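Structure first, commentary second.
The values are calculated or read from the model by the stated rules, or taken from the named source; none is laboratory data. Note that the coordinates shown come from a computational prediction; the quantities given were computed from them, not determined experimentally. Here Cβ is always computed from backbone atoms with ideal geometry, including for glycine, and neighbour counts include all displayed protein chains.
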Amino acid sequence: MRHIGLRIGIVIFAILLGIYAIYPTVRLYSGAELSREEENSLLKRALHLGLDLKGGMHLVLEIDTTGMGETSQDLRDRAYEIIQNRIDEFGVYEPVIEKQSGGRILVQLPGVDRDRAIQLIEKVAHLEFKFVAEEQTPEVIQKIDRFVQGEDTLAFEEPFSSYFISVESDIGIDARDQDSIVALIAEAQEVIPEDVHFLFGPKETYEGREVRRFYLLRKKADLTGEIIRDARAEQASGQELQYMGSWQITLELKREAARQFASITGKNVGKRLAIVLDDIVQSAPSISERIPHGRARIVGRFTAEQARDLAIVLRAGALPAPLRIVEERTVGPSLGRDSIQSGLRALVIAGILVIIFMLIYYSLSGFVADFALFLNLFFLIAILSAFRGSLTMPGLAGIALTIGMAVDANVLIFERIREELKIGKTTRTAIDQGFSRAWITIFDSNITTIIIGVILYLFGSGPIKGFALTLTIGLVSNLFSAVFISKVIFNYVTYRFDIRTLRI
């Protein structure tokens, strides 16, 4: 009974520490209504569910090296870094991003919407600043009209300019006419100057119809997306009525680019500078004055989510080449819930059977083993929560195996105590000898399994890691609960109630 108070204090402290670690997980998955700020705070301190339990995306991406001078491996390595930066800023917990042979990249994103994830990952995000060729626009339109009315273009019955409508101060077209306009421009390419080209703005609703603005731009970009130091999403100011209630992206340029931008804007006051993202003109504001501080805005009818995702892509950088999806699997949330229910059902059944067996075979001593088993599972979840681990279906299998391994330690101890009692030793001596002599066997068996678990975690991947993680943590906590805590309970009860005969 020496230091029994200290040992009880250690057990209580460990339980309280476990409650503190596990509280965010319980709170997060309790089903209670949480604000976005509270949910984000809990996610940083809680146990996360893997792709097979929470649902999400499994993608295998391949670099499109068509026309590229670099090797597929070099392009893959650059794309890997950019995708990793985008996903890190996107805020996905426990993502899996791995390089594979053949220039491929594996991406697993738990709990992420499919369309949003693919758009974020695949987006090349080629940003350019180009001047609107306002002086040339009427002349080029007239050339195309004359060309269309020529003898060789009988397929086009209407003049080019007949498709145009006025969208505020810009030329616009009905969105349904886009394919006809593109075909007409391709046919009349020989009369369009080589230094300019036509681009559309994004789709928008104007006076009850879906339209797109239409611009003639200089082909040469004065600045590109490589000049960006930072990009942030924020709500649009009320200065431009057409963008009220929408979001915008504020750009901060690199030092050298800021000087270049100031020079360009200073020389072209009164002209329109288009901000082109992936060949779509997001906006084409007029330069009212020289912009010396290296700041620019991309305004448009962005939602908050669209603006944040675009800012992430611009900050992380553009992909070196387009990506192709060569394998895609979607795990739905309902399938994840079914997996959780099946896994928990299996754990509960296994736990109940083990508890009943221990109570029947070892009587009241089996109750101590069952209590130690409960604490083992409690500490396992608490440790996973404290280190923001990820729980997967193979992880649940590891927990089920831990239940058997945990009880196995108590079986060794109880059988050893029985042998000590059979040779006539007192209850207290039998307990002390039973724990001390069974300890070496328990330690050896657990340590060898822990070593295997660590090897599986270090060199395995995907499901194997999830299994190895829960198994290893469960065995470590088992050494504390099945041996230390069980012995504290036996010592305290036998001395406190002066038990002379042990039912075991």
Inter-residue pairs, beta-carbon under 8 Å, first of a type in the set (D, E) and in the range 93-120, second buried (at least 20 other Cβ atoms within 10 Å of the Cβ) and in a strand (DSSP E or B), 6+ apart: E94/H48; E94/P110; E94/S390; E98/I105
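This table checks each residue for (1) in contact (Cβ under 8 Å) with a residue 12 or more places away in the chain; (2) farther than 11 Å from G395 by Cβ; (3) of a type in the set (A, V, I, L, M, F, W, C).
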| residue | (1), (2), (3) |
| --- | --- |
| I464 | yes, no, yes |
| T470 | yes, no, no |
| V476 | yes, yes, yes |
| F480 | yes, yes, yes |
| S486 | yes, yes, no |
| N491 | yes, yes, no |
| T494 | yes, yes, no |
| T501 | yes, yes, no |
Mind counting the residues in the range 442-462 that are farther than 12 Å from V476 by Cα, assigned to a helix (DSSP H, G or I) and in contact with a helix residue (DSSP H, G or I) (Cβ under 9 Å, 6 or more places away or on another chain)? 5
Going through the range 216-255 one residue at a time, which ones are among the aliphatic types (A, V, I, L, M), at pLDDT 80 or above and either loosely packed, with under 14 Cβ neighbours inside 10 Å or not in a strand (DSSP E or B) (or both)? A221
Considering only residues that are more than 19 Å from F367 (Cβ to Cβ) and crowded, with 21+ Cβ neighbours inside 10 Å, look in the range 473-504 and name the one that is nearest to the chain's Cα centre (by Cα). I473
Just to check your reading of the model, which residue among V269, V281 is among the hydrophobic types (A, V, I, L, M, F, W, C) and in a strand (DSSP E or B)? V281
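Please go through the range 260-294 and pick out each residue that is over 27 Å from Q119 (Cα atoms) and hydrophobic (A, V, I, L, M, F, W, C). Spell out the reasoning first.
Residues of the range 260-294 that are over 27 Å from Q119 (Cα atoms), as a first pass: 260-272, 286-294.
Within the range 260-294, F261, A262, I264, V269, I287, I291 qualify.
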Meets criteria (surrounded by fewer than 20 Cβ atoms within 10 Å (Cβ to Cβ) and modelled with pLDDT of 85 or more) for I355: yes
Filtered residue count, the range 174-202, keeping only those that are closer than 22 Å to E128 by Cβ and surrounded by 14 or more Cβ atoms within 10 Å (Cβ to Cβ): 12
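For S461, are the conditions met, namely being hydroxyl-bearing (S, T, Y), at pLDDT 90 or above and under 41 Å from the mean Cα position of the chain (by Cα)? So that I can check it myself, show each step before the final result.
Values: hydroxyl-bearing (S, T, Y): yes; at pLDDT 90 or above: no; under 41 Å from the mean Cα position of the chain (by Cα): yes.
In short, no.
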Conditions (1) at pLDDT 75 or above; (2) within 18 Å of L127 (Cβ to Cβ); (3) surrounded by 16 or more Cβ atoms within 10 Å (Cβ to Cβ): number failed by P285: (3)
Which strands (runs of 3 or more DSSP E) does the range 157-206 wholly contain that include 2 or more residues that are within 17 Å of Q136 (Cα to Cα)? 170-174, 196-200
Scanning for something in contact with an Asp or Glu (Cβ under 9 Å, 6 or more places away or on another chain), modelled with pLDDT under 85 and within 30 Å of L391 (Cβ to Cβ), does the range 120-132 turn up at least one residue? yes
Filter the range 61-104 for residues that are closer than 30 Å to S385 by Cβ and of a type in the set (S, T, N, Q); which is modelled with the lowest pLDDT? N85
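Being among the hydrophobic types (A, V, I, L, M, F, W, C) and not in a helix (DSSP H, G or I) is the filter; apply it to the range 388-430 and report the residue that is surrounded by the most Cβ atoms within 10 Å (Cβ to Cβ).
Taking the range 388-430 first, the residues among the hydrophobic types (A, V, I, L, M, F, W, C) are 391, 393, 396-397, 399-401, 403, 405-407, 409, 411-414, 417, 421, 423, 430.
Narrowing further to those that are not in a helix (DSSP H, G or I): 391, 423.
Values: L391: 26, I423: 8.
Ranking the candidates gives L391 first.
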